[in-house]
Amino acid sequence: MKKQNGGEKGVVLLIEDEQDTADLVRLHLEKSGMAVVHARDGRQAVSIMEDIVPPRAVLLDLVVPYLNGFELLKAIRTKPGWEQVPVMVVSGDSDKGDIERMLREGANDYIIKSWGVGVIHHRLKQMLEQASMGQVA
Amino acid sequence: MDPTRLALNHAAQEKVIVHVDASFAPLVPRFMTNRKKEVTTMQAALTAQDFETVRKVAHGMKGAGGSYGFDRITEIAATIEQAAKEGVGETIDTELNSLGSYLERVEVIFDTEASGT
């Protein structure tokens, strides 16, 4: 049986290979009442996706071991039940081509890590509000 | 010591104050320890001319620095990452020295409303 979304505000799937960054994002999100499931690499992310019901959102690092962000986004968008899950790409890179491609291929937002975790959190809340109103692209 | 050298030496030892969100406080000591370990890792990789390891470590550091509000770490890591892609060992060496010095001198002040440096 698949694990249910935990907590009143649901589960966010965080795919991030840099542990300190993952810890910081988790700290922020958990303080606001969200539960976080963390995958350290692409393989683990795919494994977790098999094990849980669709989360409220996915925070996706563009560069993680084994499967990159583009491959993981495709896996998310083609997985039954996950097609409409809001996906925010969170990357250290600001390559215009990568940003455009991720948005074109189904990401809902793209955040640069150097903007800080506060911006990540704020934009995530906006994305979730839009999703709850059926406005996510 | 000649006055110019003395002034440079003094500047190199000056503290760098960084304001960080108080909610990050439990995580910052490990964050700093890990960055120092990564400097050592990259120095060893540079010695072995292993630019791919340097690039990977610098990439992770670039993202982590910005997330925590240490913009200078992100700047240096981005320069190292680019130099590793191009195989320019001299730049990596110089930037690793800058990074090591920064990590030794940085002093964190935890604010309820932070503005990173």
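Descriptive notes on the structure:
- Hits in segment A:28-50 (condition: assigned to a helix (DSSP H, G or I) and at pLDDT 95 or above): A:Gly42, A:Arg43, A:Gln44, A:Ala45, A:Val46, A:Ser47, A:Ile48, A:Met49, A:Glu50
- A:Ala75 being in contact with a helix residue (DSSP H, G or I) (Cβ under 7 Å, 6 or more places away or on another chain), assigned to a helix (DSSP H, G or I) and free of Cβ contacts under 8 Å to residues at least 60 places away in the same chain: yes
- Qualifying residue in segment B:93-116 (condition: on the phi > 0 side of the Ramachandran plot and over 13 Å from the mean Cα position of the chain (by Cα)): no
- Answer from B:Thr41, B:Thr117, B:Thr112 - the residue that is at pLDDT 95 or above and among the hydroxyl-bearing types (Ser, Thr, Tyr): B:Thr41
- Of the residues A:Pro65, A:Pro55, the single one that is within 13 Å of the chain's Cα centre (by Cα) and closer than 25 Å to B:Ala64 by Cβ is A:Pro55.
- Applying the set (1) out of contact with any Leu (no Cβ under 8 Å at 6 or more places or on another chain); (2) buried (at least 21 other Cβ atoms within 10 Å of the Cβ) to B:Arg35 leaves exactly one unmet item: (1).
- Residues of segment A:10-27 that turn out to be of a type in the set (A, V, I, L, M, F, W, C), within 14 Å of chain B (Cβ to nearest Cβ) and not in a helix (DSSP H, G or I), as a count: 2
- Qualifying residues in segment B:66-90 (those that are in contact with a strand residue (DSSP E or B) (Cβ under 9 Å, 6 or more places away or on another chain) and facing another protein chain (nearest Cβ under 8 Å)) - the one surrounded by the most Cβ atoms within 10 Å (Cβ to Cβ): B:Ser67
- Condition met for B:Gln49 (surrounded by fewer than 23 Cβ atoms within 10 Å (Cβ to Cβ) and assigned to a loop (DSSP other than H, G, I, E, B)): yes
- Matching residues, segment B:31-47, being away from chain A (no Cβ under 12 Å), within 24 Å of B:Gly87 (Cβ to Cβ) and out of contact with any Phe, Trp or Tyr (no Cβ under 8 Å at 6 or more places or on another chain): B:Val39, B:Thr40, B:Thr41, B:Met42, B:Gln43, B:Ala44, B:Leu46, B:Thr47
- Residue within segment B:29-36 that is in a helix (DSSP H, G or I) and more than 23 Å from A:His28 (Cβ to Cβ) present: yes
The values are calculated or read from the model by the stated rules, or taken from the named source; none is laboratory data. Keep in mind that what you see is a predicted model, and the values were worked out from it rather than measured. Positions of Cβ are backbone-derived with ideal geometry, glycine not excepted, and every protein chain shown enters the neighbour counts.
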